[in-house]
Amino acid sequence: MDNVDQHLIHQFSCLGTTDRDDLVKQLQKLLAGSQLNETTAEFFLDMNNWNLQAAICSYFDFESPIQNKFPCMMLVCDSTIGEGESIPPLTKFRKSWHVQNSGTEAWPDGICLQYIGGVQMGACTRVPVPSLGPAEITEVNVDLQSPPNCGTFQSKWRMMVKSTEIFFGNVIWITITVSESGTLAITQQLHQLSTSSSNDAKMC
């Protein structure tokens, strides 16, 4: 924050809007010299609960030499078996994603995928993730349980360094539809049986 002059601090202290589009534009304007694009501005605002002053502080923290050593992560794809199918209430299911180390440094030990908001689905709130080298990809699985009521529910997860509790990378959203006639659990069970049978056949 040494490079932020008193005029800049005065500017954002006088801003009182809560409209997200306005906040994005204001952050871009205040950090005009940094050529901040809209996606990056949304990222810093979202990680700070859309608090403009906190977003600016986070931006300068991330631009520091120490922060540049923090891990980087990119969500490659959702690899959930039966993705898009509804699921019955109080039913166990698994969400899966392929993620990549998109940085130039290897991830440290102690990385996990952490539940950070939305509807908690079951007891699981943290899943260990293996350390990845630059450009390496792994699949992350989370075993969950659907809520007791029918409807659409969302849960929010993010990568975290356990030792420092620093979050990084794309926010991962889980969105499910709970319905009495849901088929997701059956689809996943059939896939698991098919995979097990295939592996047994290869061993014979």
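The table below gives the values:
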{"read-out": "Residue, modelled with the highest pLDDT, within region 61-105, restricted to residues that are among the small types (G, A, S) and either exposed (fewer than 15 other Cβ atoms within 10 Å of the Cβ) or closer than 18 Å to F44 by Cβ (or both)", "value": "S102"}
{"read-out": "Per-region count, region 139-166, residues assigned to a strand (DSSP E or B) and either at pLDDT 90 or above or of a type in the set (K, R) (or both)", "value": "18"}
{"read-out": "Candidate set: region 1-58, residues that are hydroxyl-bearing (S, T, Y) and in contact with a helix residue (DSSP H, G or I) (Cβ under 9 Å, 6 or more places away or on another chain); chosen: the one modelled with the lowest pLDDT", "value": "S13"}
{"read-out": "Pairs where the first residue, in region 99-114, is closer than 19 Å to V127 by Cα and in a loop (DSSP other than H, G, I, E, B) and the second is modelled with pLDDT of 95 or more and of a type in the set (V, I, T), C-beta under 9 Å, 6+ apart", "value": "W107/V129"}
{"read-out": "Matching residues in region 124-134 - criterion: being over 13 Å from P71 (Cβ atoms) and either touching a residue at least 12 places away in the same chain (Cβ under 8 Å) or among the acidic types (D, E) (or both)", "value": "C124, R126, V127, P128"}
{"read-out": "Number of the exception - G169 against (1) in a loop (DSSP other than H, G, I, E, B); (2) at positive phi; (3) not acidic (D, E)", "value": "(1)"}
{"read-out": "Residue in region 186-199 that is surrounded by fewer than 16 Cβ atoms within 10 Å (Cβ to Cβ), in contact (Cβ under 8 Å) with a residue 40 or more places away in the chain and part of a strand (DSSP E or B) present", "value": "no"}
{"read-out": "Which listed residue is touching a strand residue (DSSP E or B) at 6+ places or on another chain (Cβ under 9 Å) and not hydrophobic (A, V, I, L, M, F, W, C), from T91, T104", "value": "T91"}
{"read-out": "Output for region 84-108, where each listed residue is acidic (D, E) and either touching a Lys or Arg at 6+ places or on another chain (Cβ under 8 Å) or under 13 Å from N141 (Cβ atoms) (or both)", "value": "E105"}
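The values are calculated or read from the model by the stated rules, or taken from the named source; none is laboratory data. Only a predicted model underlies this, so the values are computations on that prediction, with no experimental measurement involved. Methodologically, a virtual Cβ is constructed for each residue, glycine included, from the backbone with ideal geometry; neighbour enumeration extends over all protein chains shown.
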